[in-house]
Amino acid sequence: LCGLSICLIILFLSFLAPQYSELFINLQIPLPPLFKAVDRLNQIIANFYLSTNVVLLLIAAPILIFCLFKKTLLQIKKQYSNNPSDILWIFGIFLKGNYSIQEILEMINFSGRSENTIFSCFKKKFQTTGLFSKSFCRYFTIPSIDQTLLKNSEQSGNLTQTVLDISKSLSETHHLKKMNLLKVIPSACLLFVSLLIFLFMGSTFLPLLEGLGNLNF
């Protein structure tokens, strides 16, 4: 639907609008506001010595490249995500392997500078206080109930299983939010396409029919 919307816009700007503008002029019918805006846009582009096709190509090329190579581009990412659920999952897995928290902190490294900064602050906080839950909740946002569970589990010595459970809960919540968003996006895109079609019909055929009705043959 997003691709269809982009194609409709490109088709309208590059081909349909100029054709209909020429038709209106030949029939001596006043140009509708939309076509006046498109003609003005073409004039602005011409003033910068760029053709409409070049501008459309500059707009379409990055979108096309991203669509074709999206999978590859998304695979070029940091080794670890600075997401609380991912970090807790990493800690849970390594704690199950009998690694200490300090050893895990030394092993984890992010490629992003800002992520490393946040994690370094968390690391220094833990080294100062010796409290994993307090340090983690200071720099990473998780629900208050999970904060309480994390603190209680650290005190009771059941930290390993708790961090894995919280990580799973956060991942499921994040997934649910994405699924709810994905339910809205198709409807929004369909509405956008419908508005584009309605705009094209309203700005093209209605003024054309009205202008033809006023002509004397």
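Any residue in the stretch 141-154 that's under 9 Å from ILE166 (Cβ atoms): show its pairings with residues that are outside any helix (DSSP H, G or I) at Cβ separation under 9 Å, as long as the two are six or more apart or on different chains.
Short answer, once both residue conditions are applied: LEU150/ILE142.
Considering only the stretch 158-211, state which residues are of a type in the set (Ser, Thr, Tyr) and over 30 Å from ILE93 (Cα atoms).
Listed by number, the residues that qualify are SER187, SER194, SER203, THR204.
For SER171, work out the one condition from (1) surrounded by 12 or more Cβ atoms within 10 Å (Cβ to Cβ); (2) closer than 30 Å to PRO32 by Cα; (3) small (Gly, Ala, Ser) it doesn't fulfil.
The number of the failed condition is (2).
So which residues in the stretch 18-40 are more than 39 Å from the chain's Cα centre (by Cα), in contact (Cβ under 8 Å) with a residue 40 or more places away in the chain and part of a helix (DSSP H, G or I), if there are any at all?
Across the stretch 18-40, the qualifying residues are LEU23, PHE24.
One residue is enough: does the stretch 173-187 have a residue meeting the conditions aliphatic (A, V, I, L, M) and touching a residue at least 40 places away in the same chain (Cβ under 8 Å)?
No, the stretch 173-187 contains no residue that is aliphatic (A, V, I, L, M) and touching a residue at least 40 places away in the same chain (Cβ under 8 Å).
Report yes if some residue within the stretch 144-156 is surrounded by 12 or more Cβ atoms within 10 Å (Cβ to Cβ), under 28 Å from the mean Cα position of the chain (by Cα) and at pLDDT below 85; otherwise report no.
Here is the first cut: in the stretch 144-156, the residues surrounded by 12 or more Cβ atoms within 10 Å (Cβ to Cβ) are 146-154.
Within this subset, residues satisfying the condition of being under 28 Å from the mean Cα position of the chain (by Cα) are 146.
Now restrict to residues that are at pLDDT below 85: none.
No: the stretch 144-156 contains no residue that is surrounded by 12 or more Cβ atoms within 10 Å (Cβ to Cβ), under 28 Å from the mean Cα position of the chain (by Cα) and at pLDDT below 85.
In the stretch 89-133, how many residues are of a type in the set (Gly, Ala, Ser), within 31 Å of the chain's Cα centre (by Cα) and under 18 Å from GLN147 (Cα atoms)?
Looking only at that region, the number is 1.
Just give me the residues in the stretch 103-148 being among the small types (Gly, Ala, Ser) and in contact with a Phe, Trp or Tyr (Cβ under 6 Å, 6 or more places away or on another chain), in sequence order.
The one that is among the small types (Gly, Ala, Ser) and in contact with a Phe, Trp or Tyr (Cβ under 6 Å, 6 or more places away or on another chain): SER135.
Considering only the stretch 88-124, how many residues are open to solvent by 60 Å² or more (accessible area, probe 1.4 Å), charged (D, E, K, R) and free of Cβ contacts under 8 Å to residues at least 24 places away in the same chain?
Count: 4.
Examine the stretch 53-75 for a residue that is within 24 Å of the chain's Cα centre (by Cα), modelled with pLDDT of 75 or more and assigned to a loop (DSSP other than H, G, I, E, B), and state whether such a residue exists.
Keep residues of the stretch 53-75 that are within 24 Å of the chain's Cα centre (by Cα), which gives 55-75.
From the residues that got through so far, the ones that are modelled with pLDDT of 75 or more too are none.
Checked the stretch 53-75: no residue is within 24 Å of the chain's Cα centre (by Cα), modelled with pLDDT of 75 or more and assigned to a loop (DSSP other than H, G, I, E, B).
For SER187, are the conditions met, namely being closer than 30 Å to CYS7 by Cβ, surrounded by fewer than 12 Cβ atoms within 10 Å (Cβ to Cβ) and of a type in the set (S, T, N, Q)? Explain how you work it out, then say what you get.
Working: closer than 30 Å to CYS7 by Cβ: yes; surrounded by fewer than 12 Cβ atoms within 10 Å (Cβ to Cβ): yes; of a type in the set (S, T, N, Q): yes.
The answer is yes for SER187.
Please work out if SER81 is outside any helix (DSSP H, G or I) and either at pLDDT below 90 or farther than 30 Å from LEU1 by Cα (or both). Spell out how you get there, then give the answer.
Working: outside any helix (DSSP H, G or I): yes; either at pLDDT below 90 or farther than 30 Å from LEU1 by Cα (or both): yes.
Yes: the conditions hold for SER81.
Report whether or not ARG138 is of a type in the set (Lys, Arg), at pLDDT 70 or above, over 21 Å from GLN161 (Cβ atoms) and exposed (fewer than 12 other Cβ atoms within 10 Å of the Cβ).
For ARG138, the condition - of a type in the set (Lys, Arg), at pLDDT 70 or above, over 21 Å from GLN161 (Cβ atoms) and exposed (fewer than 12 other Cβ atoms within 10 Å of the Cβ) - is not met.
The values are calculated or read from the model by the stated rules, or taken from the named source; none is laboratory data. The model shown is predicted, which means the values in this text are computed figures rather than measured ones. Note that we place each Cβ from the backbone using ideal geometry, even for glycine, and neighbour counts take in every protein chain shown. Ligands, DNA and RNA are excluded from the accessible area calculation, which covers all protein heavy atoms including side chains. Shrake-Rupley method; radii C 1.70, N 1.55, O 1.52, S 1.80 Å.
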